[in-house]
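Only one structure is covered here, and it is reproduced in the block below.
The values are calculated or read from the model by the stated rules, or taken from the named source; none is laboratory data. All of these numbers come straight from a predicted model, not from anything done at the bench. Don't worry about glycine lacking a Cβ; one is built from the backbone with ideal geometry, like all the others, and counts go over all protein chains shown. The accessibility values were calculated without ligands, DNA or RNA, using every heavy atom of the protein model including side chains. Shrake-Rupley method; radii C 1.70, N 1.55, O 1.52, S 1.80 Å.
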Amino acid sequence: QVQVVESGGGAVQPGGSLRLSCTASGRVGSIAAMGWFRQPPEKERELVGLRRNGGLIDYADSVKGRFTISGDNAHRTVFLDMNSLKPEDTAVYFCYVYSTGGAAWGQGTQVTVSS
């Protein structure tokens, strides 16, 4: 079984920054993809950014140039640095891992952008 634990999040004013962290543990095996999704209030879960094996990272158009994914599969970590935050970035953010151990989600962490 794969466990995924996130940390970070919180409340910030528009234009501010936050960092989310995620670590996978347990029977992870070889990681094919690791990244972040988010679910805004009353909306469906959507991709934020996903790091694939080999280092290629896909970002949602809405966060390009503002959000950065880092970390590495060897350490089973992924970080999300969020800059120039906007009210529309308010959501529950979920870490996602896809590996030979299966697909797994974190419990989610709330990010609120408001003045």
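The table below gives the values:
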{"read-out": "Residue list for segment 47-56, restricted to those being out of contact with any strand residue (DSSP E or B) (no Cβ under 6 Å at 6 or more places or on another chain) and either open to solvent by 100 Å² or more (accessible area, probe 1.4 Å) or over 16 Å from Arg76 (Cα atoms) (or both)", "value": "Leu56"}
{"read-out": "Residue tally, condition in a loop (DSSP other than H, G, I, E, B) and either over 18 Å from Tyr98 (Cβ atoms) or among the polar types (S, T, N, Q) (or both), over segment 1-30", "value": "8"}
{"read-out": "Residue under evaluation Arg19, criteria (1) within 12 Å of the chain's Cα centre (by Cα); (2) modelled with pLDDT of 95 or more; (3) open to solvent by less than 30 Å² (accessible area, probe 1.4 Å), criterion not met", "value": "(3)"}
{"read-out": "Those residues of segment 79-96 which are in contact with a Phe, Trp or Tyr (Cβ under 8 Å, 6 or more places away or on another chain) and crowded, with 17+ Cβ neighbours inside 10 Å, in sequence order", "value": "Leu80, Met82, Tyr93, Phe94, Cys95, Tyr96"}
{"read-out": "Enumeration of residues in segment 31-44 that are in a loop (DSSP other than H, G, I, E, B) and either touching a helix residue (DSSP H, G or I) at 6+ places or on another chain (Cβ under 8 Å) or within 21 Å of Thr68 (Cβ to Cβ) (or both)", "value": "Pro40"}
{"read-out": "Hey, Arg45 in contact with a Phe, Trp or Tyr (Cβ under 6 Å, 6 or more places away or on another chain), over 18 Å from Ser7 (Cα atoms) and at pLDDT 95 or above or not", "value": "yes"}
{"read-out": "Within segment 58-78, considering residues that are closer than 24 Å to Gly26 by Cβ and surrounded by 15 or more Cβ atoms within 10 Å (Cβ to Cβ), the one modelled with the lowest pLDDT", "value": "Asn73"}
{"read-out": "Residue match in segment 102-112 (condition: open to solvent by 40 Å² or more (accessible area, probe 1.4 Å), more than 13 Å from the chain's Cα centre (by Cα) and closer than 23 Å to Val12 by Cβ)", "value": "yes"}
